[in-house]
Amino acid sequence: MKYFAFTALILVGMKSYAAENLDFWPYEIVPIARHFELVGQPKSVMVVTKGSEGGIVKSEYAFYQDGRVKRSTSSAGSPLSIHVKLDRKGRVKEVVHGSFDTGNTRNAQTFLPKQYDKNGRIAIITSRSENFDGAVRTFHGVGVIKISYSGNVVTSDWYYKRGSEIGPLNRRREEFDDDGNLVATCLGGEIGSVCDRSQSIREYGQSGIIRVRTGSVEKTYTYENGQLASEIRMEKGSAQEEVIRYVNYKVDSCGNWVSRDVFYSSDLAGPSSIEQREIAYYKECSS
């Protein structure tokens with residue numbers, strides 16, 4: 001449902017994430033710099049996508065020094081803003097996800113921490129949804145995410161309440177390797193069980209996502225020198241591939257890309273769009 005439309009993908013529980021002291025929040029609620037293909041200590045990033053027909057899409061991000069997102073806004077896809085507030089101890093105390101729906105000055109979902117486990121990992125998160133059109137404030141419902149840790153698998157269960165209606169339990173699992181790297185995410189299943197590779201799944205490699213399977217559609221991603229090179233989409237029963245290629249990378253001293261060309265077909269006569277990033281850092285990288 002719209003008022004509780006999120007997935008609790010959690011990058012926590014393993015030593016590499018514990019070392020970052022990022023409060024162990026679900027990354028789709030509180031993203032960190034690596035989820036934006038960033039290394040080093042970025043302070044702010046502006047992304048501009050220029051289409052071949054002149055269209056421009058802008059996204060802006062600000063980060064805390066430890067890598068957590070502080071604020072983000074994007075006009076791409078479903079317009080969304082994220083605002084993360086910390087307490088005096090540096091822990092997340094409130095996260096607001098707001099949309100830019102026409103006619104609403106505020107249409108948001110607010111997440112609040114409610115309980116941590118004995119290892120300091122977030123165990124329960126509550127949420128509430130509302131919208132405000134400048135005159136009337138309407139509350140849509142409340143929700144709860146309950147998080148379980150078992151070996152290298154993190155399981156997130158959530159439900160909502162809207163009036164007298166109690167929503168059905170939904171489950172998402174995240175699977176990690178022994179070094180704390182995310183290797184797969186999937187829906188449903190048993191607590192602690194790894195994901196079934198033959199079902200709907202998202203798989204990750206060292207450089208990023210490598211495979212997505214949803215129903216009859218499968219996407220595969222290839223990388224060259226750590227940079228995304230291509231995205232190939234195939235649908236079951238069809239012999240036709242849809243290919244997106246990423247080429248002509250320019251990188252800065254930190255190794256983050258600042259410009260790349262995107263081709264939405266095999267025709268390399270000219271790029272379908274050009275993506276550029278302007279990045280400011282807390283601490284500059286050595287050349």
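For the stretch 209-234, give me each residue that is among the acidic types (D, E) and surrounded by fewer than 14 Cβ atoms within 10 Å (Cβ to Cβ). Before the answer, list the steps.
Residues of the stretch 209-234 that are among the acidic types (D, E), as a first pass: 218, 224, 231.
Of everything in the stretch 209-234, just one residue is among the acidic types (D, E) and surrounded by fewer than 14 Cβ atoms within 10 Å (Cβ to Cβ), namely E224.
One line per residue, one yes/no per condition, for (1) modelled with pLDDT of 75 or more; (2) surrounded by fewer than 17 Cβ atoms within 10 Å (Cβ to Cβ):
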| position | (1), (2) |
| --- | --- |
| G13 | no, no |
| A18 | no, yes |
| A33 | yes, no |
| F36 | yes, no |
| P42 | yes, no |
| M46 | yes, yes |
| S52 | no, yes |
| I56 | yes, yes |
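With in a loop (DSSP other than H, G, I, E, B), modelled with pLDDT of 85 or more and either of a type outside the set (D, E, K, R) or loosely packed, with under 15 Cβ neighbours inside 10 Å (or both) as the only criterion, which of D101, D178 stands out? Explain how you work it out, then say what you get.
Working: D101 fails: modelled with pLDDT of 85 or more.
Every option except D178 fails the conditions.
Can you tell me which residue is modelled with the lowest pLDDT among those in the stretch 243-287 that are small (G, A, S) and surrounded by 12 or more Cβ atoms within 10 Å (Cβ to Cβ)? Before the answer, list the steps.
Residues of the stretch 243-287 that are small (G, A, S), as a first pass: 253, 255, 259, 265-266, 269-270, 272-273, 280, 286-287.
Still in the list and also surrounded by 12 or more Cβ atoms within 10 Å (Cβ to Cβ): 255, 259, 272-273, 280.
Working: G255: 90, S259: 96, S272: 83, S273: 87, A280: 96.
Among residues in the stretch 243-287 that are small (G, A, S) and surrounded by 12 or more Cβ atoms within 10 Å (Cβ to Cβ), the one modelled with the lowest pLDDT is S272.
Conditions tested, residue by residue: (1) over 23 Å from the mean Cα position of the chain (by Cα); (2) more than 25 Å from C186 (Cα to Cα).
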site	(1), (2)
E224	no, yes
L228	no, no
E231	no, no
E235	yes, no
S238	yes, no
Y246	no, yes
V258	no, yes
V262	no, yes
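Would you please name the residue that is modelled with the lowest pLDDT, looking only at residues in the stretch 20-31 that are assigned to a loop (DSSP other than H, G, I, E, B) and under 11 Å from the mean Cα position of the chain (by Cα)?
The residue in question is Y27.
The values are calculated or read from the model by the stated rules, or taken from the named source; none is laboratory data. These figures come from a predicted structure and were not determined experimentally. Glycine gets a Cβ as well: all are built from the backbone with ideal geometry, and neighbour counts include every protein chain shown.
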